[in-house]
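Derivation of every value follows stated rules applied to the coordinates shown; laboratory data play no part. No experiment lies behind these values; they were computed from the predicted model shown. Quick reminder, even Gly has a Cβ in these numbers, built from the backbone with ideal geometry, and neighbours come from all protein chains shown.
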Amino acid sequence: MTAKQKIPVENLILLAITLIALVISGIGPADRLTWLLETLPVMVIAPVLVLTYRRFPLTPLLYRLIFVHACILMLGGHYTYAEVPPGFWVRDALGLERNHYDRLGHLAQGFVPAIAAREILLRKSPLIPGAWLFVMCVSMPLAFSAFYEMIEWWSAVALGQGAEAFLGTQGDQWDTQWGMFLCMVGAISALLLLSRIHTTQVNRLAPPTGPEESLPLSRAG
């Protein structure tokens with residue numbers, strides 16, 4: 001991207017909404033420490049995306065997915081995942097035993113990073129759409145999910161009772177396993193559903209010099 005090219009209006013709108021939502025989520029959160037821990041990824045990734053936009057702009061699809069994921073994190077940070085109102089609405093409507101909003105968060109933890117990993121690998125590595133790309137794009141979110149579980153463990157050890165809202169297990173002894181499983185489901189779902197449109201947008205973002213350099217659309221992954 002050259003300096004003369006304008007930033008798409010959609011990207012500016014998504015950034016503005018994200019910043020406003022972040023400020024609102026920080027007003028009277030249920031637990032200040034949990035809010036900080038849950039929204040920290042938004043505070044880190046948003047500036048990185050702004051600073052690297054000229055050199056490495058992302059596809060519109062990925063920007064939209066990152067925005068949705070940020071909203072999930074900020075809502076969970078404001079209420080704590082165990083107390084998010086829509087989670088209670090779903091619990092009551094379906095007769096569930098707990099607030100499953102955290103499950104949505106883990107699903108997004110696989111869904112969005114899978115497309116992010118796919119974009120970076122397609123543009124910065126020799127990989128092309130196919131089996132190896134699929135495996136890598138599922139494995140990377142899973143590895144991060146496992147690392148995030150260790151962060152939660154370290155937080156619990158360091159903060160004691162102060163980390164209870166951040167952990168959000170709600171008495172489920174299999175919460176960690178559920179989280180990683182849903183991350184995997186999210187990653188696989190994203191690749192099966194969005195790979196074709198994502199490849200199209202990657203080709204459009206970095207137009208090839210010849211037909212032979214276009215990424216294939218028909219391969220899975």
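The HN-Hα couplings worked out from phi for region 53-66 by the Karplus form 6.51 cos²θ - 1.76 cosθ + 1.60 (θ = phi - 60°) are 4, 5, 8, 8, x, 9, 6, x, 4, 5, 4, 5, 5, 4 Hz, whole numbers, x standing for Gly and Pro. For the pair Val44 and Leu192, a Förster radius of 25 Å applied to the C-beta separation gives a FRET efficiency near 0.30, rounded to the nearest 0.05.
Highest mean packing first, where packing is the average number of other Cβ atoms within 10 Å per residue, the peptides 127-134, 72-79, 93-100, 27-34 line up as 72-79, 127-134, 27-34, 93-100.
For the pair Phe147 and Val135, label points projected 7 Å from Cα toward Cβ lie 2.1 nm apart. Look at the Cα gyration tensor of region 1-151: its axes a ≥ b ≥ c give a/c of at least 1.5 with a/b at or below b/c, and that counts as oblate.
For the listed peptides 12-20, 104-112, a ranking on the average number of other beta carbons within 10 Å per residue, highest first, reads 104-112, 12-20.
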